Every structure is written in structure tokens, then in C-alpha cells.
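See below for the structure under consideration.
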Amino acid sequence: MEFEMDELNQHECMTTMSGLIKHMQRNEITPKVEEGVTPQDLPPWMKFLHTKLGNPSTQLNIRLFIAKLIVNSEEVFRPYAKFWIGPILQLVVSGNNGGTGIHYMVVETVVTLLSWSSIATPTVS
């Protein structure tokens, strides 16, 4: 796997975690989702990440790591976009999102969300 070498991708666990996620998809450990079908729930392993990302009391470095993991493996998370939009947007618009202004992580994350726009869009809850 080849990643842009920013601080998050340089973390010793990023390549391994991204590889594991792609391995789980390739070997159908993550349920295969037919194109055009919206899953009703997250796979169990995604639920854990979703809970951590969506919890503002989770340490920022953990939330940023999970967001970067999603950006790096967006094709695996794409079918589940409707579940991820809320927590990802929460992180992006929070006052503490890992930098000042519209920094690279915000841009990468928003680009990923925009690539999912045909599958899922944010709704008011």
C-alpha cells in the first residue's frame, strides 16, 4: 500500500490497519454489498470504529486516526456512507479538528464525503 506520508499515515499502525481492512473486504469477512443496495447496519467491526469516531469525548488523535483510516480505505466504507457522514462531519466542523482553518485533513475528509454524495447525503436528525 502506498499512502501520502503525512503524520497520520506515518503512524506505525496505519499501514497494517488499512491492509487489514482491505484484507477483510477481499476475503468477504466484511459482507459484500451489491452496488445500489444500501446496507441496513454496519458490520460489527465498523460499529466499534463508528462509536469511537462519533464520541466527542474520544481523544482527538484517535478520532483523526479513524477518519484517516476511512479516507485511506474509502472504497470499503463507501457502501456504509450513510452511517459515516454524521460522525465525520462532526469531526470536520468541530473547533478541535487537528489544525487551524481548512487544513489538509479537512480537505481530504471533505473530498471523501463528496465522493459519496451519490450514495448518501446528510440529513437533519
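The values are calculated or read from the model by the stated rules, or taken from the named source; none is laboratory data. This one's a predicted model, so the numbers in the text were calculated from it and none came from an experiment. Using ideal geometry, Cβ is built from the backbone for each residue, glycine included, and neighbour counts are taken over all protein chains shown.
Within the range 85-107, is there a residue that is of a type in the set (Val, Ile, Thr), under 10 Å from the mean Cα position of the chain (by Cα) and more than 21 Å from residue 19 (Cα to Cα)? Even if it seems obvious, please write down each step before you answer.
Going residue by residue through the range 85-107, those that are of a type in the set (Val, Ile, Thr) are 85, 88, 92-93, 100, 102, 106-107.
Remaining after also requiring under 10 Å from the mean Cα position of the chain (by Cα): 85, 88.
Among the residues that remain, those that are also more than 21 Å from residue 19 (Cα to Cα) are: 85, 88.
Yes.
Taking the listed residues 83, 77, the one that is at pLDDT 95 or above, of a type outside the set (A, V, I, L, M) and within 23 Å of residue 9 (Cα to Cα) is 77, with no other qualifying. Per the conditions (1) of a type outside the set (Val, Ile, Thr); (2) part of a helix (DSSP H, G or I); (3) surrounded by 14 or more Cβ atoms within 10 Å (Cβ to Cβ); (4) within 13 Å of the chain's Cα centre (by Cα), the sole criterion not satisfied by residue 42 is (2). The numbered conditions (1) surrounded by fewer than 20 Cβ atoms within 10 Å (Cβ to Cβ); (2) touching a residue at least 12 places away in the same chain (Cβ under 8 Å) are all true for residue 59 except (2). Number of residues in the range 9-18 that are hydroxyl-bearing (Ser, Thr, Tyr) and without any contact (Cβ under 8 Å) to a residue 24 or more places away in the chain: the value is 2.
Checked against (1) crowded, with 19+ Cβ neighbours inside 10 Å; (2) farther than 21 Å from residue 4 by Cβ; (3) in contact with a Leu (Cβ under 8 Å, 6 or more places away or on another chain); (4) at pLDDT below 95, residue 30 passes all but a single condition, namely (3).
For the range 81-98, the condition holds for no residue, the condition being that it is hydroxyl-bearing (Ser, Thr, Tyr) and without any contact (Cβ under 8 Å) to a residue 12 or more places away in the chain. Close contacts from the range 19-40, counting a first residue that is farther than 17 Å from residue 74 by Cβ and a second that is assigned to a loop (DSSP other than H, G, I, E, B), with Cβ to Cβ under 7 Å and a gap of 6+ residues or different chains, come to 31/43. Just one of the listed residues (89, 8) is modelled with pLDDT under 95, in contact with a Lys or Arg (Cβ under 6 Å, 6 or more places away or on another chain) and either within 23 Å of residue 122 (Cα to Cα) or surrounded by 18 or more Cβ atoms within 10 Å (Cβ to Cβ) (or both), namely 8.
Of all residues in the range 107-123 being polar (S, T, N, Q) and assigned to a helix (DSSP H, G or I), which is modelled with the lowest pLDDT?
Taking the range 107-123 as the starting set, the residues that turn out to be polar (S, T, N, Q) are 109, 112, 115, 117-118, 121, 123.
Next cut, assigned to a helix (DSSP H, G or I) only: 109, 112, 115.
Numbers: 109: 90, 112: 93, 115: 93.
Residue satisfying both the conditions and the ranking: 109.
Can we say residue 47 is of a type in the set (Lys, Arg) and part of a loop (DSSP other than H, G, I, E, B)? First the steps, then the outcome.
Numbers: of a type in the set (Lys, Arg): yes; part of a loop (DSSP other than H, G, I, E, B): no.
No; evaluated as a whole, the condition is false for this residue.
Looking for whichever is β-branched (Val, Ile, Thr) and over 18 Å from residue 42 (Cα atoms) here; the options are 88, 62. Which one fits? After applying the criteria, what remains is 62.
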